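Worksheet: the structure to be examined is printed underneath.
The values are calculated or read from the model by the stated rules, or taken from the named source; none is laboratory data. Note that this is a predicted model, so its numbers are computed, not measured. Note: ideal-geometry Cβ built from the backbone for every residue, glycine included; neighbour counts use all protein chains shown.
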Amino acid sequence: MAILLVVILAISLLIGRYPGLTLLSPERFSSDVLAQRLVLNLRLPRLLTAVLLGMSLSAAGTVFQMIFGNPLVEPGFLGVSQGAAFGAAFSIIFLGNAAWMVQGGATLFAFLGLIFSYTLARRVQFGGWVLRLVLSGIAISALFSSGLGVLKYLADPLTQLPEITFWLLGGLWSLTWKSLLSILPASIVGLYVIYRMRWRLNLLSLTDETAFSLGTSPARERAILLVSATAVTAAVISVCGMVGWVGLIVPHLARRTFGADARLALPGAILIGGCFTVLCDDLARTLLAGEIPLGIFTSMIGAAVFILLMSTNRLRVQR
Amino acid sequence: MNKTILAFNGINYSYPSQEQEALHNLTMEIPQGSIVAILGPNGAGKTTLLHLALGWLKPRNGQVLLADQPLEAYTRREIGQWIGLVPQSEHIPFDYSVLNYVLFGRTPYLKPLEMPSDEDLHLAHQALARMELEHLAYRSVPKLSGGERQMVLIARALVQQPRLLLLDEPTSHLDLGNKGRLTSLLRQLSADGVTIIFTTHEPDIAAAVADRVVLMRNGQVLTAGEISIVFNSQDLSKCYQTPVEVVEVGNHRVILWN
């Protein structure tokens, strides 16, 4: 799988619409200065961000699904995605359209989404912890999406609204080394924590008292994993926009391929996620002369795979 | 008499959303190596008692002592090494293999970021062999029958090598053959020095394997003590509020009801 990812990366680096819709030959690369610049300054950071995006969303998706013992949740759960969308739109309208403002707003509100959902869940008086979190997440997401509706209504239809819409569709066209470097620390630290805790992830997918009886501290360990998963999600969506379905579908594929044990399923999901977003982004930037938003491809392919899994009984949900 | 491994000192407990106390003024001592059966009608507080013994629920008043030390004095990992819990049933959301699932029982022996070793895997195989479950090792746990799952849960507790084993209605899904295997396993474990506390709705199972019995009703202990003294028609009838008769047949006690 790792080898496959490297091969996909190498090919993706050379494929594109310069000089025409072809693979860039090594001779051309060594002689053409423009081609070198294009590959090193545009394609390479974009490609690495695509890998990071897929890896982060898939790892976070695996964490959310396992912690909630529910294969139908995804990283945007608990108000994280809707919070980020609201934050980005807020920044675009009120704080000027600087890239770092949009990123900052998205990250801040993604975490606020998590904090609000968590606080609300603590105040709910009925049901188990997971049910309370799920319900709170739905409520907070709905609140943020209605807020987003208000912002869209207020937005200038000629300048701000298209900007918000493109952000919501997700894409990697504006990526530079700078934006990659700005999210790299949070993503790498978050992914590392999740990777190291993958055995605990198995335990935390069981009921609380069982996880407790096996020597874990369910509440504390879940909190660490939730914050890590939210951090990586917030980091990548802050620069890439809303790229849907990756975090839902890739963990399923990984469990199908490598089994349920997170010792293999988690690294499997990280690798499959990396391949998936790079391939989708290759299509997004080469298929038409103009760029197609990445989120459209991931949703289309993700939903198709999901329908396939459902109709072939490969999807099992108990709760 | 053996020394006390677990002691409840004046425990009161009520669930957050309920006014009525689930356990009221519970005081008792469990001698090391004993097999204790907890009997009582639904809602008597049996499972609550097990969860308090594990430290999963914290008493409102009173103290639980494990080997003379308050439970709070132990780390989470230490409690995992001391006490194994076999829940009544468990929701298992993903297709873990039986071997994998049993291996989870080694977690209290791992550091927070550590992965199980080959030695742990070996112990998991051993536990499966002891429960005669090796043929199921690579089957998916959620696809097993209720009885098979219950046996797998017990195997997971065995691999934990606990000194105190808590079982919540361990025979509720078992057929006669597996009930027999479980009772002889519990006797073997007790002979090895493991203390066993189990709840059950089957007085016959208690009569067959326990040496001490606790009868509970409405969150209170009605009576507790050695089975030869406590297990009588009068106390059982009072506990279940229905006529129960204990009849001796050879060396066995048989329970007749209704």
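Mind listing whichever residues of segment A:163-193 are among the aromatic types (F, W, Y) and not in a helix (DSSP H, G or I)? Once the filter is applied, which keeps residues that are among the aromatic types (F, W, Y) and not in a helix (DSSP H, G or I), segment A:163-193 yields only A:W173.
In this structure, B:E226 does not satisfy being touching a residue at least 12 places away in the same chain (Cβ under 8 Å) and surrounded by 14 or more Cβ atoms within 10 Å (Cβ to Cβ).
Please pick out the residue among A:A142, A:A110, A:A106, A:A121 that is surrounded by fewer than 19 Cβ atoms within 10 Å (Cβ to Cβ) and not basic (K, R). Walk me through how you get there before you give the answer.
Working: A:A110 fails: surrounded by fewer than 19 Cβ atoms within 10 Å (Cβ to Cβ); A:A106 fails: surrounded by fewer than 19 Cβ atoms within 10 Å (Cβ to Cβ); A:A121 fails: surrounded by fewer than 19 Cβ atoms within 10 Å (Cβ to Cβ).
Going through A:A142, A:A110, A:A106, A:A121 in turn, just one is surrounded by fewer than 19 Cβ atoms within 10 Å (Cβ to Cβ) and not basic (K, R): A:A142.
When restricted to residues that are aromatic (F, W, Y) and either free of Cβ contacts under 8 Å to residues at least 24 places away in the same chain or more than 27 Å from B:Q32 (Cβ to Cβ) (or both), segment B:229-258 contains 2. Among residues of segment B:155-178 being hydrophobic (A, V, I, L, M, F, W, C) and at pLDDT 95 or above, the one that is nearest to A:A211 (Cα to Cα) is B:A157.
For segment A:1-47, please list each of the helices (runs of 4 or more DSSP H) lying entirely inside it that holds at least 1 residues being of a type in the set (A, V, I, L, M). Let's see the steps before the verdict.
Details: elements: A:2-14, A:26-31, A:33-37.
Per the criteria, A:2-14, A:33-37.
Scanning segment A:117-134 for residues being in a helix (DSSP H, G or I) and either more than 17 Å from A:T207 (Cα to Cα) or among the hydroxyl-bearing types (S, T, Y) (or both) gives a total of 7.
Any residue in segment B:129-138 that is touching a Phe, Trp or Tyr at 6+ places or on another chain (Cβ under 9 Å) and within 12 Å of chain A (Cβ to nearest Cβ)? Show your work before the answer.
Here is the first cut: in segment B:129-138, the ones touching a Phe, Trp or Tyr at 6+ places or on another chain (Cβ under 9 Å) are none.
Looking through segment B:129-138, none of the residues is touching a Phe, Trp or Tyr at 6+ places or on another chain (Cβ under 9 Å) and within 12 Å of chain A (Cβ to nearest Cβ).
B:S172 passes every criterion in (1) more than 14 Å from chain A (Cβ to nearest Cβ); (2) in contact with a helix residue (DSSP H, G or I) (Cβ under 7 Å, 6 or more places away or on another chain) apart from (2). Considering segment B:83-116, and only residues there that are within 7 Å of another protein chain (Cβ to nearest Cβ) and of a type in the set (D, E), the residue that is nearest to B:L166 (Cα to Cα) turns out to be B:E90.
The sole residue among A:G79, A:G147, A:G54, A:G105 that is of a type outside the set (V, I, T), at pLDDT 90 or above and under 24 Å from A:T298 (Cβ atoms) is A:G54. Contact map, segment A:143-160: first residue of a type outside the set (S, T, Y), second residue loosely packed, with under 12 Cβ neighbours inside 10 Å and part of a loop (DSSP other than H, G, I, E, B), Cβ cut-off under 8 Å, separation 6 or more or different chains; the map is empty.
Can you go through B:E19, B:E29 and tell me which one is part of a strand (DSSP E or B), surrounded by fewer than 21 Cβ atoms within 10 Å (Cβ to Cβ) and among the acidic types (D, E)? Break it down into steps so the answer makes sense when it comes.
Values: B:E19 fails: part of a strand (DSSP E or B).
Residue meeting the stated conditions: B:E29.
Residues in segment B:55-71: is at least one touching a residue at least 60 places away in the same chain (Cβ under 8 Å), assigned to a loop (DSSP other than H, G, I, E, B), more than 12 Å from chain A (Cβ to nearest Cβ) and surrounded by fewer than 22 Cβ atoms within 10 Å (Cβ to Cβ)? Within segment B:55-71 (the criterion being touching a residue at least 60 places away in the same chain (Cβ under 8 Å), assigned to a loop (DSSP other than H, G, I, E, B), more than 12 Å from chain A (Cβ to nearest Cβ) and surrounded by fewer than 22 Cβ atoms within 10 Å (Cβ to Cβ)), the answer is yes, since at least one residue qualifies. Only one entry of B:I196, B:I205 meets the criterion of being surrounded by 21 or more Cβ atoms within 10 Å (Cβ to Cβ) and closer than 25 Å to B:R106 by Cα, and that entry is B:I196. Looking at segment A:201-279, the helices (runs of 4 or more DSSP H) lying wholly inside it that each contain 3 or more residues that are under 28 Å from A:E163 (Cβ atoms) and either more than 10 Å from chain B (Cβ to nearest Cβ) or acidic (D, E) (or both) sit at A:218-240, A:246-258. Report yes if some residue within segment A:71-81 is under 14 Å from the mean Cα position of the chain (by Cα) and assigned to a helix (DSSP H, G or I); otherwise report no. Yes; the residues of segment A:71-81 include at least one that is under 14 Å from the mean Cα position of the chain (by Cα) and assigned to a helix (DSSP H, G or I). All told, B:E119 falls short of being out of contact with any helix residue (DSSP H, G or I) (no Cβ under 7 Å at 6 or more places or on another chain), surrounded by fewer than 16 Cβ atoms within 10 Å (Cβ to Cβ), facing another protein chain (nearest Cβ under 9 Å) and not in a loop (DSSP other than H, G, I, E, B). Considering the conditions (1) crowded, with 19+ Cβ neighbours inside 10 Å; (2) over 18 Å from the mean Cα position of the chain (by Cα); (3) modelled with pLDDT under 95, B:D95 is excluded by exactly one of them, (1).
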